[in-house]
1. Could you tell me whether segment 94-103 includes any residue that is out of contact with any helix residue (DSSP H, G or I) (no Cβ under 9 Å at 6 or more places or on another chain), surrounded by fewer than 17 Cβ atoms within 10 Å (Cβ to Cβ) and in contact (Cβ under 8 Å) with a residue 60 or more places away in the chain?
2. Can you name every residue in segment 106-127 that is over 20 Å from PHE153 (Cβ atoms) and at pLDDT below 95?
3. What single numbered condition from (1) at pLDDT below 70; (2) within 25 Å of GLN69 (Cα to Cα); (3) among the hydroxyl-bearing types (Ser, Thr, Tyr) fails to hold for SER250?
4. Determine whether segment 139-149 contains at least one residue that is in contact with a strand residue (DSSP E or B) (Cβ under 9 Å, 6 or more places away or on another chain), over 13 Å from ARG118 (Cβ atoms) and either at pLDDT 90 or above or buried (at least 18 other Cβ atoms within 10 Å of the Cβ) (or both).
5. Can you name the number of the only condition in (1) part of a helix (DSSP H, G or I); (2) out of contact with any Lys or Arg (no Cβ under 9 Å at 6 or more places or on another chain); (3) within 17 Å of ARG11 (Cα to Cα) that GLY264 fails?
6. Pairs under 7 Å by beta carbon, first residue surrounded by fewer than 23 Cβ atoms within 10 Å (Cβ to Cβ) in segment 267-278, partner among the charged types (D, E, K, R) and outside any helix (DSSP H, G or I), six or more apart or different chains?
7. So for segment 150-165 (the condition being out of contact with any strand residue (DSSP E or B) (no Cβ under 7 Å at 6 or more places or on another chain), modelled with pLDDT under 90 and surrounded by 16 or more Cβ atoms within 10 Å (Cβ to Cβ)), does at least one residue qualify?
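The values are calculated or read from the model by the stated rules, or taken from the named source; none is laboratory data. For clarity, every value in this text was computed on a predicted model and none was experimentally measured. For neighbour counting, all protein chains shown are included, and Cβ atoms are generated from backbone atoms with ideal geometry for every residue, glycine included.
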Amino acid sequence: MIHGLLNQTTRIGDTFSESERLVAACEDSLKFTSALPVAFASLVITSPPYNLGKEYERRSSLRDYLAQQKPLIAQLARVLKPSGSLCWQVGNYVEDSEVFPLDVFYYELFKSQGFQLRNRIVWHFEHGLHCSQRFSGRYETLLWFTKSDKYVFNLDPVRVPAKYPGKRHFKGAKRGQPSGNPLGKNPSDVWAIVADDWERCVWNIPNVKANHPEKTIHPCQFPVELVERCVLALTHEDDWVFDPYCGVGSALIAAAKQNRRAVGCDREERYIEICQERLQHLAEGTLKTRPLGKPIHIPTGREKVAQRPAAWDKEQTLL
């Protein structure tokens, strides 16, 4: 049992029931999704395996990889409400040093199920592998699809501070009155420069690496902060959020933090165990997460690791 979560005693179920508030099941994603009820979820959000040969996946050809995902996507369309949203976060598939952007290949799979793309959001992060034969990759994408033209979009929770809040109407009946919204501005769909939270379509959120407070044993962990933004904008309280590849539970944590019901599945038992532990820590108030909208750390230049090694200058002098 979880005590204190959502101001009540909440059980973490291992099989789905609409009477539950949190469900973390150790099961294959397609099998589990196929057993879920029709049109129950308001948001499906996940980061599927990238076909990179990680410990939890078997690498295959790009064609076979996409074919394996097609039946699951059909089931996700079935379980999503007509007003619901689907957020699919992916990176690149690399074969023989050639890069294949997975979001491009996934697009047709979702369109074939009638989904409509609302935003292609770029998630930028500072750390990752350093490449020698191409520029180092420092972004992934999140495709936000809706099932219909009538969908949930809560603007107020994700508004950002206006650049000029003191701007006023210069003519008409409202002349001299503030022209903006006291809650902030709509972040728009063209976010060239990121300042805060939703201020850009390039989301500068740290990926979960060694020093990240949310780091677990999972090799490709989803940041809670990334999910929270989608949960706030695309669902209401008590709505169901579903992650068919939940891993160590970041999507479930983000949903629970915002008083949504959450269900996830993963076939790796040890990941589900960590997911359940993290949810317990969330209920106890001891779970460490990166606060939503926290500014990215910028070195002052005084740190030793941020200074240019003196040995490099000596080598250049010798040359």
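1. Kept after step one, since they are out of contact with any helix residue (DSSP H, G or I) (no Cβ under 9 Å at 6 or more places or on another chain), are these residues of segment 94-103: 94, 96-99, 101, 103.
With the extra rule that they be surrounded by fewer than 17 Cβ atoms within 10 Å (Cβ to Cβ), the set shrinks to 94, 96-99, 101.
Pick out the ones that are also in contact (Cβ under 8 Å) with a residue 60 or more places away in the chain and you get none.
The answer is no, given that none of the residues of segment 94-103 is out of contact with any helix residue (DSSP H, G or I) (no Cβ under 9 Å at 6 or more places or on another chain), surrounded by fewer than 17 Cβ atoms within 10 Å (Cβ to Cβ) and in contact (Cβ under 8 Å) with a residue 60 or more places away in the chain.
2. Of everything in segment 106-127, those that are over 20 Å from PHE153 (Cβ atoms) and at pLDDT below 95 turn out to be HIS124, PHE125, GLU126, HIS127.
3. The failed condition is (1).
4. For segment 139-149, residues in contact with a strand residue (DSSP E or B) (Cβ under 9 Å, 6 or more places away or on another chain), over 13 Å from ARG118 (Cβ atoms) and either at pLDDT 90 or above or buried (at least 18 other Cβ atoms within 10 Å of the Cβ) (or both): present.
5. (1)
6. ARG267/GLU27; ARG267/ASP28
7. Yes; the residues of segment 150-165 include at least one that is out of contact with any strand residue (DSSP E or B) (no Cβ under 7 Å at 6 or more places or on another chain), modelled with pLDDT under 90 and surrounded by 16 or more Cβ atoms within 10 Å (Cβ to Cβ).
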